[in-house]
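One structure is given here, and the rest of the page talks about it.
Quick note: the coordinates plus some simple rules give every number you see, no bench work behind them. This one's a predicted model, so the numbers in the text were calculated from it and none came from an experiment.
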């Protein structure tokens with residue numbers, strides 16, 4: 001084969017097979033969409049509420065500073081979190097430990113006068129939209 005002896009031919013075929021496998025795996029990896037949310041994007045709900053209040057007051061930089069200080073994340077991450085909050089989104093908070101279920105936690109926040117935090121908690125825990133979370137919280141308001 002091309003003036004090669006048997007050993008050289010086998011090595012050439014082996015090299016071509018290895019290259020073929022490598023290229024096919026490289027192409028296969030490129031088609032896979034990877035989504036990564038680092039643990040540094042998990043922000044406590046109360047911090048999100050306070051940062052959102054600052055954003056609504058037009059103090060975006062103060063919101064970034066708050067997120068950075070309270071969550072102990074980089075400036076870049078704090079800016080990303082503040083951007084999500086400014087766009088109306090919400091990020092996952094730390095899992096709340098305890099025996100209370102979501103309605104009980106929401107009722108406690110309402111009784112403490114923290115309706116907005118209750119809405120944020122419902123949104124982050126149950127992945128609800130803003131309107132669904134507000135309806136959920138309003139349904140738990142005492143008559």
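Below is a table of values for the structure above.
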quantity: Enclosed volume per residue, in Å³, of the convex hull spanned by Cα atoms of region 47-121; calculated: 92
quantity: Computed over region 95-143: relative contact order in percent, which uses C-alpha pairs under 8 Å that are six or more apart; calculated: 34
